[in-house]
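The structure under discussion appears below in the form of structure tokens.
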Amino acid sequence: ANLVAVIPAAGVGSRMQSDCPKQYLTIDNQPVLWHSVCRLLAHPLVSQAVVAVSSVDPYIADIQWPEGKPVHIVEGGKERADSVLAGIRYATSQCQADWVLVHDAARPCLRPADLNNLIDSLLAADQGGILAVPVRDTMKRAGINRVISETVDRNALWHAQTPQLFPAQALEQALTQALAAGANITDEASALEWLGEQPLLVEGHADNIKITHPEDLALARFYLSQDVI
Ligand code: CTP
Ligand code: MG
């Protein structure tokens, strides 16, 4: 199977409150994006990467990618889903992708073992799915004026992460149709759910954080300094 990694990296990182978009902040002298892409390319079944960036991105050209596997750069879009779709279109039309592995640029701490497990499980099942972790806290639904209206059954709740791995043509069609219909698409699985499909949950680890707020950078630096990651 030809797996192509698609990495949306066209966001501005407004919640991070940094002048430089978070995917270009550095950990061990390399941008967060570089770490995220290298972790995907390290898997033997991932043949190449497609990175979607802003049309006015001044940083991407300076990145030194590792030798061996191509890294293609395409122009992203207004929302994350638009950037992902631009990357997938390139992956299917130019890279002969069978499967696309979509991963946020802002998640540099993906464990190699979790990536292995995701790919092995979904290729064996011949079905799309996502890395996710079970919710650990008791969950409450808020009512008006922030009173607790109920305790939600935690056993059925998972945090969706990336990577998300899908057959390339199926995801391209689902995203195209869902976006055209104005559906609220916040990850790849939601586009297939919108079509009535049931992607699989593959259990990962909570340290696969999406760098979002200023304090997350130090946490990512810590996780990346740990052997297991
Ligand atoms: N992304 C993208 N194109 C967009 C918006 C987001 O490629 N139009 C990417 C981001 O670069 C990031 C990933 O999607 O790697 C996850 O999005 P998020 O964490 O929300 O990043 P930002 O949108 O940049 O941050 P914020 O929402 O705080 O502005
Ligand atoms: Mg965003």
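The values are calculated or read from the model by the stated rules, or taken from the named source; none is laboratory data. Keep in mind that this is a model prediction, so the values were computed, not measured. Neighbour counts run over all protein chains shown; Cβ positions are idealised from the backbone, glycine included. Just so you know, the surface numbers come from the protein's heavy atoms only, side chains and all, with ligands and any DNA or RNA stripped out. Shrake-Rupley method; radii C 1.70, N 1.55, O 1.52, S 1.80 Å.
Quick one: what pairs do we get from segment 152-180, first residue over 25 Å from ARG111 (Cα atoms) and at pLDDT 95 or above, second of a type in the set (Ser, Thr, Tyr) and surrounded by 14 or more Cβ atoms within 10 Å (Cβ to Cβ), C-beta under 7 Å, 6+ apart or different chains?
As it stands, the answer is GLN169/THR92; GLU172/THR92, since those pairs meet every condition given.
Could you check segment 65-88 and list, in sequence order, the residues that are over 17 Å from VAL46 (Cα atoms), away from ligand 2 (no atom under 16 Å from the Cβ) and not hydrophobic (A, V, I, L, M, F, W, C)?
Of everything in segment 65-88, just one residue is over 17 Å from VAL46 (Cα atoms), away from ligand 2 (no atom under 16 Å from the Cβ) and not hydrophobic (A, V, I, L, M, F, W, C), namely GLU75.
I'd like to know if segment 144-151 contains one or more residues that are open to solvent by less than 60 Å² (accessible area, probe 1.4 Å) and either at pLDDT 95 or above or among the hydroxyl-bearing types (Ser, Thr, Tyr) (or both).
no
Could you go through segment 27-36 and let me know if any residue there is away from ligand 2 (no atom under 16 Å from the Cβ), under 17 Å from the mean Cα position of the chain (by Cα), at pLDDT 95 or above and not in a helix (DSSP H, G or I).
yes
Among the residues of segment 199-229, count how many are assigned to a strand (DSSP E or B) and either modelled with pLDDT under 95 or open to solvent by 50 Å² or more (accessible area, probe 1.4 Å) (or both).
3
Residue by residue through segment 54-64, note down the ones that are under 20 Å from LEU40 (Cβ atoms) and surrounded by 15 or more Cβ atoms within 10 Å (Cβ to Cβ).
The answer is ASP57, TYR59, ILE60, ILE63.
So, of the residues in segment 56-86 that are closer than 16 Å to THR186 by Cα and not in a loop (DSSP other than H, G, I, E, B), which turns out to be farthest from ligand 1 (Cβ to nearest atom)?
LEU85
Taking segment 129-182 on its own, how many of its residues are in a loop (DSSP other than H, G, I, E, B) and at negative phi?
Looking only at that region, the number is 9.
How about segment 1-23: which of its residues are open to solvent by 20 Å² or more (accessible area, probe 1.4 Å) and either among the small types (Gly, Ala, Ser) or more than 7 Å from ligand 1 (Cβ to nearest atom) (or both)?
Result: ALA1, ASN2, ALA10, GLY11, SER14, GLN17, SER18, ASP19, CYS20.
Out of the residues in segment 81-123 that are of a type in the set (Asp, Glu) and open to solvent by 70 Å² or more (accessible area, probe 1.4 Å), state the one that is nearest to ALA9 (Cα to Cα).
That would be ASP98.
Filter segment 133-164 for residues that are touching a Ser or Thr at 6+ places or on another chain (Cβ under 9 Å) and among the hydrophobic types (A, V, I, L, M, F, W, C) and give the result.
MET139, ALA142, VAL152, ALA160
Taking GLY196 and the conditions (1) outside any helix (DSSP H, G or I); (2) in contact (Cβ under 8 Å) with a residue 12 or more places away in the chain; (3) not hydroxyl-bearing (Ser, Thr, Tyr), which numbered condition does it fall short on, given that it satisfies the others?
Among (1) outside any helix (DSSP H, G or I); (2) in contact (Cβ under 8 Å) with a residue 12 or more places away in the chain; (3) not hydroxyl-bearing (Ser, Thr, Tyr), GLY196 violates only (2).
Could you list all residues from segment 29-47 that are open to solvent by 30 Å² or more (accessible area, probe 1.4 Å) and polar (S, T, N, Q)?
Within segment 29-47, ASN29, GLN30, SER47 qualify.
Among the residues of segment 182-193, write down those that are in contact (Cβ under 8 Å) with a residue 12 or more places away in the chain and of a type in the set (A, V, I, L, M).
Across segment 182-193, the qualifying residues are ILE185, ALA189, ALA191, LEU192.
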